[in-house]
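Worksheet for the structure shown next.
The values are calculated or read from the model by the stated rules, or taken from the named source; none is laboratory data. Just so it is clear, the model here is predicted, and its values are computed rather than measured. Cβ coordinates were reconstructed from backbone atoms using ideal geometry, including for glycine residues, and neighbour counts include every protein chain displayed.
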Amino acid sequence: MRDFTPFGARGIFAASAVLFFAYIGFDAVSTMAEETKNLARDIPIGLVGSMAITTGLYCILAVTLCLMVPFADIDKDAPFSVAFSQRGMNWAKYIVAFGALKGMTTVLLFSAVGQARYLTHIARTHMMPPWLTQVHPRTGTPVNATVVMLFATAVIAFFTDLGILSNLLSISTLFIFMLVAVSLLVRRYYVTGETTTANRNKLVACIVAILLSSIATATYWGLDRKSWVPYAVTVPAWLVATACLWAFVPQARAPKLWGTPLVPWLPSASIAINIFLLGSIDAKSFERFGFWTAGLLVYYIFIGLHASYDESKALAAEAAARKVEDGQVAPPTNDK
């Protein structure tokens, strides 16, 4: 298996963690919720379908490339173009170059669509300037958010090394996906005012155990030690924590139309896999991620949080005034 996996299992996981950003285009489907007719049905179909198609195409391309040229001869900058040239098919490299250019353009435009909608929703809570919520009257698209996002992306990409950007993007994506899995467990097992204190405490204990066991496994993997004893502790701990959540904590909410199957096993596995892949990324990337996260937290605590709170109070007051105008509630009196 040396020629098949020249860098071993550790190289496979390290490459998976870094190249994970190549698969994140499917999540942009979720940003198109406002454009769908049947949200609960169309979004899951779009997510699962796009992910299956993308994964299949990537696997076919990787196998084809490895069958065309030996692994050691694959060019890092233009693998398919160079491979066709080595095989005497110079005309094909121009088709590949044209397809790559069109593909990059499509990815840039589609990413701008999704990211602009993220920015628009954030601006609607006043955590970002409300100017970004402006929508074009004819097309119904967030014009200002799209322009700002494209400009910021171009500037960052121009002045930053591709390796640094890919690592930061992969860390952010894996971290967010891990949080989504945790949120799914909380949403499925906890309802404010309905879940008992005992069940809430058991839910917290199980989630903390899942996170700690996953972090311990990823940390030991990152240390590159040869002993298997720690894995014999951390992996069963994850399994026991997930089993306890499944057996001793009743689900408090059931999805109406479509929901994630195999709860809590599938979300728990997602948490473990995402954290494990995070453990395969270098320390420098985590330092940069920490700096960015700290800066965003400072902005959120001192600016965004207060702005969104003021906006929510204004909206509540406006809703109350509208009820008074509609005669749904009596206006307050000044009688003493």
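Values as computed for the structure displayed
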quantity	calculated
Test result for PHE4, over 30 Å from ALA218 (Cα atoms) and either assigned to a helix (DSSP H, G or I) or out of contact with any His (no Cβ under 6 Å at 6 or more places or on another chain) (or both)	no
Close pairs from segment 193-204: first surrounded by 11 or more Cβ atoms within 10 Å (Cβ to Cβ), partner among the β-branched types (Val, Ile, Thr) and part of a loop (DSSP other than H, G, I, E, B), Cβ under 6 Å, at least 6 apart	ASN199/VAL249; LYS202/VAL249; LEU203/VAL249
Residue in segment 261-268 that is surrounded by 15 or more Cβ atoms within 10 Å (Cβ to Cβ), modelled with pLDDT of 90 or more and closer than 30 Å to LEU165 by Cα present	yes
Any hit, segment 227-239, residues being in contact (Cβ under 8 Å) with a residue 60 or more places away in the chain and surrounded by fewer than 18 Cβ atoms within 10 Å (Cβ to Cβ)	no
Segment 70-109, residues that are in a helix (DSSP H, G or I), more than 30 Å from VAL29 (Cα to Cα) and either modelled with pLDDT of 85 or more or under 27 Å from the mean Cα position of the chain (by Cα) (or both)	SER81, VAL82, ALA83, PHE84, SER85, GLN86, ASN90, TRP91, ALA92, TYR94
Extreme residue, farthest from TYR300 (Cα to Cα), among residues of segment 110-141 that are in a helix (DSSP H, G or I) and at pLDDT below 80	PHE110
VAL229 vs. criteria farther than 30 Å from ASN38 by Cα, touching a helix residue (DSSP H, G or I) at 6+ places or on another chain (Cβ under 9 Å) and of a type outside the set (Ser, Thr, Tyr)	no
The lone exception for ARG288 - which of (1) surrounded by 10 or more Cβ atoms within 10 Å (Cβ to Cβ); (2) modelled with pLDDT under 85; (3) of a type in the set (D, E, K, R) it fails	(2)
Filtered residues of segment 76-101 (kept if of a type in the set (S, T, N, Q) and under 14 Å from LEU65 (Cβ atoms))	SER81, SER85, GLN86
Matching option when the condition is assigned to a helix (DSSP H, G or I), more than 28 Å from VAL18 (Cα to Cα) and not basic (Lys, Arg), among ASN144, ASN167	ASN144
Residues located in segment 205-226, provided they are surrounded by 13 or more Cβ atoms within 10 Å (Cβ to Cβ) and over 22 Å from ALA9 (Cα atoms)	ALA205, CYS206, ILE207, ALA209, ILE210, LEU211, LEU212
Test: residue in segment 262-272 that is hydroxyl-bearing (Ser, Thr, Tyr), out of contact with any strand residue (DSSP E or B) (no Cβ under 6 Å at 6 or more places or on another chain), over 24 Å from THR196 (Cα atoms) and without any contact (Cβ under 8 Å) to a residue 24 or more places away in the chain	no
Residue match in segment 13-36 (condition: under 27 Å from ASP282 (Cα atoms), at pLDDT 85 or above, of a type outside the set (Lys, Arg) and part of a helix (DSSP H, G or I))	no
Hits in segment 46-69 - residues which are of a type outside the set (Phe, Trp, Tyr), surrounded by 13 or more Cβ atoms within 10 Å (Cβ to Cβ) and either modelled with pLDDT under 80 or out of contact with any Lys or Arg (no Cβ under 7 Å at 6 or more places or on another chain) (or both)	GLY46, LEU47, SER50, MET51, THR54, LEU65, CYS66, VAL69
